[in-house]
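Worksheet for the structure shown next.
Each value in this text was obtained by applying a stated rule to the coordinates, not by laboratory testing. In this text the structure is predicted, and so the values were computed from the model without any measurement. Here the Cβ is made from the backbone with ideal geometry for all residues, glycine too, and neighbour counts use every protein chain on show.
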Amino acid sequence: MKYGEINLGQVEAIINKLGGEQGALRFLRGELVVSAAKPIEMPVWKTVKLGTKKTPSEYREALKSAGRRRASDWGDEILGRITCSKEEIDLDFVELSVADLGFKGCTQYTNICTRAQEFGFELCPAEVGPALRLEYGDQPNGEWLYIAIEAISCGGLPSIFRVGCVDGDLWLDGCDGRPFSFWDAGDRFVFGCRK
């Protein structure tokens with residue numbers, strides 16, 4: 001692709017940002033004005049300490065000894081591919097639904113991450129997945145939170161972490177992190193707060 005050219009994926013992303021086909025038509029008729037997203041204020045949901053474990057193996061051992069905390073095969077595979085912080089550091093995080101980011105229906109992972117960054121949030125370091133699983137012991141039953149990270153390839157599939165509680169068992173799991181995978185308006189993601 002030469003400078004100044006646009007590909008079909010970029011056109012699709014623009015149409016999605018405009019609110020789909022109807023939004024694009026409103027934009028073309030001059031009924032919709034596009035402006036830069038303003039950062040939104042959200043209270044810190046959790047502060048998580050990274051760097052308490054120096055390797056994926058240390059996280060595995062901590063999960064095993066923590067009681068009722070488990071890693072699925074997919075979650076464990078992602079865990080084996082992360083880099084751990086060399087120093088202990090506290091980072092603040094927010095929890096946002098796809099709807100909180102302004103999407104009324106399903107939207108793609110790339111749109112979710114882009115919109116969150118436009119609103120002043122950041123993708124999480126991958127280590128947040130296992131660190132949050134260790135620290136979030138009072139997660140409500142049935143809740144699943146997706147960790148917004150730069151996807152990690154597992155078996156050729158871009159993957160992200162999710163943490164959930166099922167019948168009192170606290171899971172570190174993996175899920176689809178392809179840029180064009182779709183998420184429902186009610187799905188909830190964890191993002192980092194900018195300092």
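Figures for the structure shown
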read-out	value
Positive-pole candidate from L170, V94, G186, dipole of the chain, charges at beta carbon	V94
Computed [θ] at 222 nm, deg cm²/dmol, the chain (DSSP H ≥ 4; -39,500 (n - 2.57); rounded to nearest 500)	-8000 deg cm²/dmol
Relative contact order [Cα under 8 Å, 6+ residues apart], the chain, whole percent	26 percent
Note, ³J(HN,Hα) from phi for region 84-92, Karplus 6.51, -1.76, 1.60, rounded to Hz, x at Gly and Pro	9, 5, 6, 10, 6, 8, 8, 10, 9
Crossing angle, helix 56-65 versus the chain [Cα axis fit, 0-90 degrees, rounded to tens]	60 degrees
Pairwise label distance in nanometres, E118 with M42, each label 7 Å out on the Cα-Cβ vector	1.5 nm
Sites matching trypsin sites (Lys or Arg not before Pro) across region 38-106 that sit in DSSP coil, with at most 14 neighbouring C-beta atoms within 10 Å	K54, R68, R81, K86, K104
The chain: proportion of alpha-carbon pairs further apart than 23 angstrom, %	47 percent
FRET E, pair C193, A62, Förster distance 25 Å, beta-carbon r, rounded to 0.05	0.50
Dipole in debye (nearest 20) - region 46-193, about Cα centre, beta carbon charges: Lys, Arg +1; Asp, Glu -1	200 debye
Dipole magnitude of region 136-195, debye to nearest 20 (Cβ charges: Lys/Arg +1, Asp/Glu -1, about Cα centre)	400 debye
10 Å Cβ shell holding at most 11 others, DSSP loop, GluC sites (Glu not before Pro): longest site-free stretch of the chain	89-195
For K53, residues with placed amide H under 5 Å, excluding near neighbours	none
